[in-house]
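The values are calculated or read from the model by the stated rules, or taken from the named source; none is laboratory data. Small disclaimer: the values here were computed from a predicted structure and weren't measured. All Cβ positions, even for glycine, are placed from backbone atoms using ideal geometry, and neighbour counts span all protein chains on display.
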Amino acid sequence: MVSRLLQHNSAISKALKENEGANRRDLPTLPTDVRLGRIVRVLMGFPTVVISGTKLAQEIGTTRSEVWRLVQQLRTLGVEIAGHPASGYQLTAVPDLLLPEMLEPLLRGTIFGASIHHYYRVGSTNTVAMDAAGAGAPEGTVFVAEQQTAGRGRGSNKWHSAESTGIYCSVILRPNLPPTDVLVLSLAAGLAVQSAIEAIDPHVLPDLKWPNDVLVGGKKVCGILTEMSAEATRVRHVVIGIGININQNSFPDELAQNASSLRLMTGSEWSRVELCAALLKSLDREYRGLLVGRIVHSEILRRFEERSSSARGRRVRVEENGEFEGISEGLDPRGFLQVRTPEGLRTIYSGTVRFK
Ligand code: BTN
């Protein structure tokens with residue numbers, strides 16, 4: 001039922017408009033009340049029927065007046081629900097909120113379907129995920145937010161995380177790998193984003209920029225921040241944090257030159273739920289493939305080079321301990337980018353690569 005409803009992007013409610021966030025400063029930085037998701041799930045289960053407040057209250061184990069309060073809360077969050085306590089309730093559009101109830105049915109059979117934590121507003125899903133992983137949260141735990149107030153990028157960059165327009169998602173992995181292999185995992189995450197975008201719209205041609213930016217039309221639509229806790233020889237946990245610009249209509253001036261969204265690039269609204277599910281399915285495929293040896297490291301490196309227009313033969317400027325220029329010459333066996341400079345071949349460990 002969920003996937004059938006999700007096929008029609010035109011029916012997706014635009015959960016929150018970009019400029020509406022200012023009215024919702026009072027939203028708590030707390031995991032979402034799970035009863036909100038349950039109400040959405042019950043209403044989605046009967047899309048053509050008006051459901052009485054009494055029935056909804058029974059289904060989620062609360063009172064009719066509490067249902068009314070929760071319905072009002074969902075409305076403030078952009079979920080379109082017709083009706084009131086006397087008449088009953090009905091969804092009038094499929095909500096495009098990344099609620100567990102929306103994602104879980106689409107993620108059955110993956111490691112990401114069992115434990116999804118949703119926030120309307122959070123500092124950074126990566127921070128929450130790293131804390132949870134440190135406290136023992138299992139592999140496959142997912143943290144998603146409608147908005148981040150302190151979204152983090154590589155280095156000390158910030159990640160612009162406007163409300164309900166992008167995907168802000170972090171997952172916990174516990175791979176039995178040495179820390180030196182985590183870069184390959186991170187490159188695989190870029191491949192997963194790329195194939196998820198293509199799975200939703202095969203006309204979009206996402207390009208990879210090392211280490212794992214995803215570009216469309218030369219502009220960045222996705223960034224990935226991979227963090228880990230490790231001993232010298234053993235990874236305790238990895239958090240892969242993925243930010244995708246989806247339905248933004250504009251960006252702050254300082255980002256507008258280099259950043260874009262899938263909506264700006266394609267001219268149409270995207271379902272965040274559909275893309276988020278495609279992304280996690282694709283990540284599950286890459287990750288499990290790597291763990292069981294179905295996918296070997298060299299294959300990830302080869303595919304990355306094939307799917308990146310800039311990994312080889314591109315004039316680049318690298319910002320790493322100063323700046324230098326050269327021609328990209330593919331990835332070394334560990335996944336680091338190599339750049340040919342007049343002084344010789346240089347390996348890029350953590351720098352930012354810019355095109356010339
Ligand atoms: C980059 O390109 O610099 C990486 C950006 C990563 C952004 C994502 S959004 C979800 C997760 N939470 C964060 O604070 N950062 C990552």
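Could you tell me whether Ala188 is in contact (Cβ under 8 Å) with a residue 12 or more places away in the chain, buried (at least 21 other Cβ atoms within 10 Å of the Cβ) and more than 22 Å from Ala137 (Cα to Cα)?
Yes: the conditions hold for Ala188.
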Considering residues of segment 124-148 that are within 10 Å of the ligand (Cβ to nearest atom) and of a type in the set (Val, Ile, Thr) only, the residue surrounded by the most Cβ atoms within 10 Å (Cβ to Cβ)
Thr125
Quick check on my filter: what residues within segment 169-203 are in contact with a Ser or Thr (Cβ under 6 Å, 6 or more places away or on another chain) and either under 20 Å from Glu306 (Cα atoms) or among the β-branched types (Val, Ile, Thr) (or both)?
Ile172, Ser186, Ala192, Ser195, Ala196
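Rundown of residues vs (1) within 16 Å of the ligand (Cβ to nearest atom); (2) under 19 Å from the mean Cα position of the chain (by Cα); (3) within 26 Å of Gly153 (Cβ to Cβ), yes/no style:
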residue	(1), (2), (3)
Lys55	no, no, no
Leu70	no, no, no
Gln73	no, no, no
Ala82	no, no, no
Ser87	no, no, no
Ala93	no, no, no
Leu99	no, yes, yes
Pro105	no, yes, no
Arg121	yes, yes, yes
Has segment 221-234 got any residue that is surrounded by fewer than 20 Cβ atoms within 10 Å (Cβ to Cβ) and assigned to a helix (DSSP H, G or I)?
no
As an exercise: evaluate Pro333 against (1) exposed (fewer than 13 other Cβ atoms within 10 Å of the Cβ); (2) in contact with an Asp or Glu (Cβ under 9 Å, 6 or more places away or on another chain) and give the number of the one condition it does not meet.
(2)
Given (1) touching a residue at least 12 places away in the same chain (Cβ under 8 Å); (2) surrounded by fewer than 17 Cβ atoms within 10 Å (Cβ to Cβ); (3) more than 14 Å from the ligand (Cβ to nearest atom), identify the lone condition not met by Ala256.
(1)
Sort out which residues of segment 298-356 are part of a loop (DSSP other than H, G, I, E, B), under 27 Å from Glu198 (Cβ atoms) and aromatic (Phe, Trp, Tyr), and write them in order of number.
Phe336
Entirely in segment 92-204, the helices (runs of 4 or more DSSP H) that have 3 or more residues that are under 16 Å from Gly241 (Cα atoms):
125-134, 182-200
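Which residue is modelled with the lowest pLDDT, if the candidates are limited to segment 149-172 and must be more than 20 Å from Glu254 (Cα to Cα) and away from the ligand (no atom under 12 Å from the Cβ)?
Looking at residues that are more than 20 Å from Glu254 (Cα to Cα) and away from the ligand (no atom under 12 Å from the Cβ), I get Ser164.
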